[in-house]
1. Restricting to the stretch 330-341, name every residue that is assigned to a helix (DSSP H, G or I) and either buried (at least 20 other Cβ atoms within 10 Å of the Cβ) or among the acidic types (Asp, Glu) (or both).
2. Being outside any strand (DSSP E or B) and among the hydroxyl-bearing types (Ser, Thr, Tyr) is the filter; apply it to the stretch 234-285 and report the residue that is nearest to Met356 (Cα to Cα).
3. Of all the residues that make up the stretch 286-322, how many are touching a helix residue (DSSP H, G or I) at 6+ places or on another chain (Cβ under 6 Å) and not in a helix (DSSP H, G or I)?
4. Among (1) assigned to a loop (DSSP other than H, G, I, E, B); (2) in contact (Cβ under 8 Å) with a residue 60 or more places away in the chain; (3) within 29 Å of the chain's Cα centre (by Cα), there is one condition Tyr9 misses while meeting the rest; what is its number?
5. Filter the stretch 143-170 for residues that are among the β-branched types (Val, Ile, Thr), surrounded by 15 or more Cβ atoms within 10 Å (Cβ to Cβ) and either assigned to a helix (DSSP H, G or I) or at pLDDT 95 or above (or both) and give the result.
6. Please give the strands (runs of 3 or more DSSP E) falling wholly within the stretch 32-142 in which 2 or more residues are touching a helix residue (DSSP H, G or I) at 6+ places or on another chain (Cβ under 8 Å).
7. Can you name the residue in the stretch 420-432 that is at pLDDT 95 or above and assigned to a loop (DSSP other than H, G, I, E, B) and, of all such residues, is surrounded by the most Cβ atoms within 10 Å (Cβ to Cβ)?
8. What single numbered condition from (1) over 21 Å from the mean Cα position of the chain (by Cα); (2) touching a residue at least 24 places away in the same chain (Cβ under 8 Å); (3) over 22 Å from Ile96 (Cα atoms) fails to hold for Leu63?
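The values are calculated or read from the model by the stated rules, or taken from the named source; none is laboratory data. Worth saying up front: this structure is predicted, and the values here are computed from it rather than measured. Please note: Cβ atoms are built from the backbone with ideal geometry, for glycine as well, and neighbour counts cover all protein chains shown.
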Amino acid sequence: MNIQDLAIYSERRQRLCQQMGESGVAIIPTAPEQTRNRDSHFLYRHDSYFYYLTGFTEPNAYLILFSNGKSVMFCQPKDMEREIWDGYRLGPSDAITALGVDEAFSYADLQTQLPQLLENQHCVWYPFATHTGLNGQVEQALEKVRAHVRMGVVCPSVQKDLCVLLDEMRIIKDAHEINIMRRACQISSQAHIRAMQLSAKMLRAGQAVYEYHLDAELLHAFRQAGSQDTAYGSIVAAGPNACVLHYRADAAPIRNGELVLIDAGCELDSYASDITRTFPANGKFTSPQRAIYDLVLASQVAAVKATHAGARFTAPHEAAVQVLSQGLLDLRILSKDKHGSCQDVIDKRAYFPFYMHRTSHWLGMDVHDCGSYIEASEIDNTITKQDPVTGQTIRQQPSRVLRQGMVLTIEPGLYIRPTSNVDEKYWNIGIRIEDDAVVTTQGCDLISRGVPVDPDEIEALMSN
């Protein structure tokens, strides 16, 4: 870790400490290793909150912070035998300099040291409901502190959710974070382009193409460009599979005349990218495919225009729904005689069978990143109404106001399954277009447009 990175993590820790109040102590663990089968583990991925404050990627580590700014790290001890098998360990002795913390101890000493660190503090902060067993660890440590109260030791009397503070910090990305995310999007964009071109090339050559071929191309491009992993399980969905929202790349054939939906992004230096493109497998849209694609693209254009500092988080979704609803009427997928005007379609949520997800989510270290979607200052302004689709009574609170530095996806779509009410030419067409947007004062910066969305550009790209 270089000096610049040390300063970034140190500044974050200090900012967090300043928000903890007097006599507060925070406990932040990293993620545990996960067994895949017997003595084989899944590829390790650290906890995002822990990494945000430390930049440290080893397992079996805890960070302890105090309101006065003091930081204590517990990490794996040096062990030459284990390092032969599992790789280099930083160790407590080098952690102080390498990570910029004040003190460091062996992870093996955590249970004995933690009660002492909690003594004479007023409030214990830790992330609620994120680490199995963490609450029990805190309670055990507090029991040991209480055992010493007759000696004049004060036991913390308050426990608070550290996520409340960290989520608000993480929801606004700094220049360091945005730069990494921009690079991740560049890598992912090139991967999407390679997958598009491979599909058309193999079909033109008369070769059998399967979803796993394109999935392999994505993985190759991600790793070749230096990303550490996928940000999530890649979706490579051919033909009717594109109408399954969380479909995973599998073994279905990719056929001439069908569409392919790819929702995939790499993780680079712990930050996610998230891009979706839908394209004709052979490089040429049919007329019905083009009609639906143009509608989804128009809805995304409207959503992008609605995304800017000062707008509500729901603004992109509302803009996309407006365009999609009118388009479904214009294409006669929804009947004007049955459903009425565009506003009627929106009010009744008649579009829901074809567009059943939201248009955006936060993006950052996690592909569905942390952060409230509710505006905290207006939390008492609750609106109660009945959902026209489910009939359930829902309580709706004011949506979050977008601020400069927030990063969100913009991903409208349409998914048309076979149904007697829809012209057969539209059956099994599933289209989603997703980009990653950094909120600015003027609008938003789409950092994932290294891969085109214009249908003519896609066809030209795939004919190359």
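1. Passing the criteria: Asp330, Asp337.
2. Of everything passing the filter in the stretch 234-285, Tyr247 is nearest to Met356 (Cα to Cα).
3. Count: 2.
4. Condition (1) is where Tyr9 drops out.
5. Val145
6. In the stretch 32-142, the matching strands (runs of 3 or more DSSP E) lie at 62-66, 71-75, 103-106, 123-126.
7. Among them, the one singled out is Val422.
8. (3)
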